[in-house]
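To start, the structure under review is shown below, and the notes come after it.
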Amino acid sequence: KFISDDDGIHGYELWKTDGTLNGTQLIKDIWPGTASSYLNSGCCWISTVEIYDRIYFRGTDSNGSNLWSSDGTEDGTRFVKDFKDPTSTNTQLYVFEFKETLLLDVYLPGNNNIPDRKIFIADLETDI
């Protein structure tokens with residue numbers, strides 16, 4: 001299982017666990033230092049989509065919240081794509097899977113405080 005946790009050194013980051021203390025380890029400090037990458041910070045289990053032996057999730061670093069993926073290793077955890085509005089820090093990104101297709105539900109700030117919601121579909125074999 002993949003979890004989000006704060007060990008007091010790295011902030012809330014991506015971890016994996018087999019349910020035991022010895023089997024729990026930090027995968028990657030996405031936002032280095034004590035800043036959190038906000039993988040549902042404050043909550044243990046993160047929302048991920050697993051397709052083709054990779055997980056996809058929303059991760060936050062100094063560039064904002066974007067799509068990230070991981071194979072469960074530090075080297076295999078990487079930024080995938082930027083879906084944020086460059087004029088705002090309030091972009092929200094949610095990931096879903098349907099028939100081995102990644103669906104991205106993106107809320108961008110809109111006019112008059114009404115969010116502009118967009119759905120992106122990515123065939124992981126060709127698009128990402």
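Structure data summary
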{"item": "Relative packing of 53-65, 15-27, 69-81, which averages over residues the other C-beta atoms within 10 Å, highest first", "result": "53-65, 69-81, 15-27"}
{"item": "Simple label model, 7 Å out from Cα along Cβ direction - PHE98 to ASP7, nm", "result": "3.9"}
{"item": "For VAL80, distant residues with modelled amide H under 5 Å away", "result": "LEU67, TRP68, SER69"}
{"item": "Out-of-range pairs (alpha-carbon distance over 19 Å; input LYS1/LYS28; LYS28/LYS81; LYS28/LYS99)", "result": "LYS28/LYS99"}
{"item": "Cα-projected label distance for ASN63 with ARG117, points at 7 Å along beta-carbon direction, nm", "result": "2.7"}
{"item": "Nonlocal amide H pairs with TRP31, under 5 Å, H built at 1.01 Å", "result": "SER37"}
{"item": "Phi-based couplings in Hz for the range 18-26 (Karplus 6.51, -1.76, 1.60; Gly and Pro marked x)", "result": "9, x, 10, 4, 5, x, 10, 8, 5"}
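Readers should treat all values here as calculations from the given coordinates under stated rules, not as data from a laboratory. Quantities reported herein were computed from a predicted structural model and do not represent experimental measurements. All Cβ positions, glycine included, derive from the backbone under ideal geometry; neighbour counts span all protein chains shown.
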